[in-house]
Amino acid sequence: MSKITVISKLTHVETVTDGSQVTLADSSIVKINAQRADILDYERSGNDLIVKLADGETLTLKNFFVAGEQGISQLVLEESNGALWWIADPMAAESYQSIASVDALLAGTTTASAGEAAIWPQVVAAAAVVVGVTVIMAVAMEVAVTGVMAMAVTRRCRAPIRTTPRLRAQRPTSDFQPMAPSLAGAPKPTASSPSPMPTAM
């Protein structure tokens, strides 16, 4: 007959039972003294969890899948060497996670809904949040620096370009007429006899 320890998540009161059946009054940590190799199968019957051992013994954990304010109950195996193994979801693929103690489970930092795998402890979640915030801050700083550089380039491109104005030639208007030199008073050319050739002296 296996030893079953029930620790209430609500009151943290610990109850030890030497039997094949326990009834949970609220969400609890159920710790069974057994080796992992001793577990033959896990079955669900309504809200009860049935644990079948290799030696033919059957343990019934009534109300195991009833969710309370602290979530559903959690199952832990305690081996003969004191090692603790948490079964996140007995109805999923068999998966054991080594834990140092049941304190994280009692604190409610590890929760699971019926038929779904449990969530990792809050410490891991907090670390993920810190990393996420750091990444977001780094991206924001990079975007800000890029924006400042873009503004500087834009202002440089928008700087006024000084050019020397070209002089445009004035085109004469239609009223302008060139003035001809006045011929008044100028002697008119007349036909004259050729000048006599000088005579030799």
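If a residue counts only when it is under 20 Å from residue 2 (Cβ atoms), in contact with a helix residue (DSSP H, G or I) (Cβ under 7 Å, 6 or more places away or on another chain) and not small (Gly, Ala, Ser), which strands (runs of 3 or more DSSP E) contained entirely in the range 29-108 have at least 1 such residues?
Counting at least 1 such residues, we get 48-53, 74-78, 84-87, 96-99.
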Residue count, the range 11-37 (criterion: in contact (Cβ under 8 Å) with a residue 60 or more places away in the chain and either farther than 15 Å from residue 74 by Cα or loosely packed, with under 15 Cβ neighbours inside 10 Å (or both)): 2
Failed item in (1) more than 42 Å from the chain's Cα centre (by Cα); (2) buried (at least 19 other Cβ atoms within 10 Å of the Cβ), with residue 63 passing the rest: (1)
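Bear in mind these aren't lab numbers, they're just calculated from the coordinates by the rules spelled out. Bear in mind the structure is a predicted one, so any value in this text is a computation, not a measurement. Neighbour counts are summed over all protein chains in view; Cβ atoms, including those assigned to glycine, are modelled from backbone coordinates with ideal geometry.
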